[in-house]
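The structure appears right after this line, and notes come after that.
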Amino acid sequence: MSTPPPPLEPVDETWDRALCVVAHPDDLEFGSAAAVARWTGQGKTVGYCMVTSGEAGIDGLAPGECRRVRQAEQISSAALVGVPEVTFLGLPDGVLEYGVSLREAIALEVRRFRPDIVVTGNFRETWGGRNLNQADHIAVGRAVVDAVRDAGNRWVFQDQLTAGLEPWDGVREVWAAGSPQSTHGVDTTETFDAGVASLEAHAAYIDGLGWEHFDPREFLEGFARQAGQRMGVAYAASFEVFPMGFGE
Ligand SMILES: [Zn+2]
């Protein structure tokens, strides 16, 4: 018998604005959307930023058409959890590279949105088992942490600071959803159904995966129940928390 995973501490929910930055449409729906629904239900403002439009994600659909379909699905999916606006950075799906230009694009969004919390996806090498994480996820997560610091530095990407745009150093923490090193969690018991609906909104994508008998509810339940056990609730979403202040 292996030892059970350690308990998850509730995340800090004393904030007003969160920006979720992920590589692909659907990344947030595979686990975080129910937490987003909880936060918007508390009156918080949440924005979505998609680094790519997932245009390389459906084998049977060429990128031009796929981009249109997936952007539309992401906008519907976001609306179902109380997120009215989705930004698409338009970087190339499947071949993102960690580097200065990726940091620059994300830093601009952080400066525009001025979030207290930035949510991204797991960017560790694995999901905790033997399956390796995907290259875009790793590039985006690493770039998010760096871009949050860049956004606060007046002398980094200073050509962005026109037309009233100012540096923003107000991000307190970056949260990586579903990390195998998660330390914190969000009770999603009350908003679990909204999270399921949000994943179901990616119908063309789910269809395109060709997974026979894929059931969004069943899929999300597995992870949510495991995380829930670590918080003593029915369902939860797990996050690895990276403090963005000094001295932690
Ligand atoms: Zn993805």
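The values are calculated or read from the model by the stated rules, or taken from the named source; none is laboratory data. No experiment lies behind these values; they were computed from the predicted model shown. Note that each Cβ is placed from the backbone with ideal geometry, even for glycine, and that neighbours are counted across all protein chains shown. To get the accessible areas, we keep the full protein, side chains included, count just its heavy atoms, and leave off ligands, DNA and RNA. Shrake-Rupley method; radii C 1.70, N 1.55, O 1.52, S 1.80 Å.
Quick look at the values:
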{"item": "Test: residue in segment 3-21 that is surrounded by 17 or more Cβ atoms within 10 Å (Cβ to Cβ), within 15 Å of the ligand (Cβ to nearest atom) and either touching a residue at least 12 places away in the same chain (Cβ under 8 Å) or not basic (Lys, Arg) (or both)", "result": "yes"}
{"item": "Residue list for segment 126-137, restricted to those being of a type outside the set (Gly, Ala, Ser) and away from the ligand (no atom under 15 Å from the Cβ)", "result": "130"}
{"item": "Condition check for residue 91: within 16 Å of the ligand (Cβ to nearest atom) and buried (at least 16 other Cβ atoms within 10 Å of the Cβ)", "result": "yes"}
{"item": "Cβ pairs under 6 Å, 6+ apart, first in segment 23-40 and farther than 12 Å from residue 83 by Cβ and away from the ligand (no atom under 16 Å from the Cβ), second hydroxyl-bearing (Ser, Thr, Tyr) and open to solvent by 10 Å² or more (accessible area, probe 1.4 Å)", "result": "34/191; 38/191"}
{"item": "First in segment 129-152 and more than 18 Å from residue 166 (Cα to Cα), second anywhere and more than 16 Å from the ligand (Cβ to nearest atom) and part of a helix (DSSP H, G or I), Cβ under 8 Å, 6 or more apart", "result": "143/103"}
{"item": "Scope segment 14-55; condition among the β-branched types (Val, Ile, Thr) and in contact with a strand residue (DSSP E or B) (Cβ under 9 Å, 6 or more places away or on another chain); matching residues", "result": "21, 22, 36, 40, 45, 46, 51, 52"}
{"item": "Which listed residue, of 186, 174, 241, is touching a residue at least 12 places away in the same chain (Cβ under 8 Å), buried (at least 16 other Cβ atoms within 10 Å of the Cβ) and touching a His at 6+ places or on another chain (Cβ under 8 Å)", "result": "241"}
{"item": "Pick from segment 17-37, criterion part of a loop (DSSP other than H, G, I, E, B) and of a type in the set (D, E, K, R), ranking: farthest from residue 105 (Cα to Cα)", "result": "29"}
{"item": "Residue within segment 55-68 that is within 16 Å of the ligand (Cβ to nearest atom), within 24 Å of residue 164 (Cα to Cα) and over 15 Å from the mean Cα position of the chain (by Cα) present", "result": "no"}
{"item": "Where residue 70 falls short, out of the listed (1) surrounded by fewer than 24 Cβ atoms within 10 Å (Cβ to Cβ); (2) in contact (Cβ under 8 Å) with a residue 60 or more places away in the chain", "result": "(1)"}
{"item": "Which listed residue, of 118, 140, is in a strand (DSSP E or B) and within 14 Å of the chain's Cα centre (by Cα)", "result": "118"}
{"item": "Residue within segment 43-51 that is away from the ligand (no atom under 16 Å from the Cβ), of a type in the set (Lys, Arg) and open to solvent by less than 10 Å² (accessible area, probe 1.4 Å) present", "result": "no"}
